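> Have a look at this one before I ask anything.
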Amino acid sequence: KRKRKHSQLNQGQVDFQAFHMKIRSVVLDGTKALVDAAQALGYLSGVSDAMEEPLPSHECNLAALCDMAKEFPLAEERQEGVQPLTEGEGDTSHVDLFSRLTENTGDWASVVSLMGEEYVIPPNTTFLLSDFTRIQPLVDYGGRFDVIVMDPPWENKSVKRSRRYSFLPSTQLKRLPVPLLASPNCLVVTWVTNRSAHQRFVRHELYPHWGVQVVAEWFWVKVTTSGQFVFPLDSPHKKPYESLVLGRYRCSPENLRCLEPSDVPVEDQRLLVSVPSALHSQKPSLSDVLKPYIGAEARCLELFARNLQPGWTSWGNEVLKFQHASYFTVTQTDE
């Protein structure tokens, strides 16, 4: 192997190194306190409770299928409104999952078939399987959301090399209809990579474009089953943490509901510490940690989702990826 040439850091790397040194003590001290508390309760003991079975080798082709679905008529031309997942005695054969909102209002999970594959749909979930060009049914759904979480497919060199999933240029994110989906004072949460350009873009371009005011930045710290950082904290290549930029949607002054914000203040520099999923790029659920800031009855939306959550509406061209039946043990109920 050829030795890597040692070159000077570029401006982006210099900026991120300065950012890292600024938050280093927060990540180090906060993680130690949380890990110590978890270990006192018997967690992070170094023993994994994960299954010994190998991970499913299912290859997700949903993004390609969504691309093919562009040749179909638009959903609103075929039939308007949200389609129920089941009809009669749990029959899902009528369901057209492409580019149309689908809703499972039942209290039980259901299994649907799509192009010869089976997917598990949790109870009380709504989802839209589509790409960027077919997001309009989500806007037409009616009502606004109190929290919007997104994990964009950021463009970077490793993604281009691996071709593990498609990426989206940062400027295209501005086309997301967040102002049409957000309720007054909606909490907007964006997962951001450690690349300085992406951090600046979200804070100084994307959020201002939508009318979102930055209120906090949180960090997801990834540890092993024994509570150690998954990478050295000062590693020059990969860091053991990722950022979440949180903001509040401040709509136009003409809307009287926006004149007196009633949002709960969000704590800055909060840490979330967990053992990362063995599945690539799967983020931890934020449902429980966001509840104090949005209320128990909040309407929740996830953009660029790759799995479904009970009580949430989800959109993405791989929204059912981790709902594939191979990730679950499916048992029949008596009903």
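> Of everything in the stretch 284-317, what is in a loop (DSSP other than H, G, I, E, B) and within 24 Å of W108 (Cβ to Cβ)? Give them in sequence order.
Result: S285, A296, E297, A298, R299, A305, R306, N307, L308, Q309, P310, G311.
> Only one residue in Q228, Q282 is modelled with pLDDT of 95 or more, farther than 20 Å from F16 by Cβ and polar (S, T, N, Q). Which one?
Q228
> Just name the residue that is surrounded by the most Cβ atoms within 10 Å (Cβ to Cβ) out of those in the stretch 84-105 that are in a loop (DSSP other than H, G, I, E, B) and modelled with pLDDT of 90 or more.
Only one residue fits best here, namely L101.
> Applying the selection to the stretch 110-131, what residues are in contact with a strand residue (DSSP E or B) (Cβ under 9 Å, 6 or more places away or on another chain) and free of Cβ contacts under 8 Å to residues at least 60 places away in the same chain?
S110, V112, S113
> Any residue at all in the stretch 189-202 that's among the basic types (K, R) and surrounded by fewer than 17 Cβ atoms within 10 Å (Cβ to Cβ)?
Checked against the condition, which is being among the basic types (K, R) and surrounded by fewer than 17 Cβ atoms within 10 Å (Cβ to Cβ), the stretch 189-202 yields at least one hit.
> From the list A305, A296, exactly one residue is out of contact with any Lys or Arg (no Cβ under 8 Å at 6 or more places or on another chain), surrounded by 15 or more Cβ atoms within 10 Å (Cβ to Cβ) and either modelled with pLDDT of 95 or more or not polar (S, T, N, Q) (or both). Which is it?
A305
> Could I ask something else about it? Only one residue in T126, T133 is at pLDDT 75 or above and assigned to a helix (DSSP H, G or I), so which one is that?
T133
> When only residues in the stretch 256-279 that are part of a loop (DSSP other than H, G, I, E, B) and farther than 18 Å from W191 by Cα count, which is modelled with the highest pLDDT?
Per the criteria, the residue is P265.
> Picking from S226, S274, S243, S314, which residue would you name as being open to solvent by less than 20 Å² (accessible area, probe 1.4 Å), polar (S, T, N, Q) and over 26 Å from R134 (Cα atoms)?
S243
> For residues in the stretch 25-48 being assigned to a helix (DSSP H, G or I) and small (G, A, S), which is farthest from G227 (Cα to Cα)?
Per the stated criteria, the residue is S25.
The values are calculated or read from the model by the stated rules, or taken from the named source; none is laboratory data. Bear in mind that the values here come from a model prediction, so they are computed numbers and not experimental data. Backbone-built Cβ (ideal geometry, glycine too); neighbour counts: all protein chains shown. Heavy atoms of the whole protein, side chains included, go into the accessibility calculation; ligands, DNA and RNA do not. Shrake-Rupley method; radii C 1.70, N 1.55, O 1.52, S 1.80 Å.
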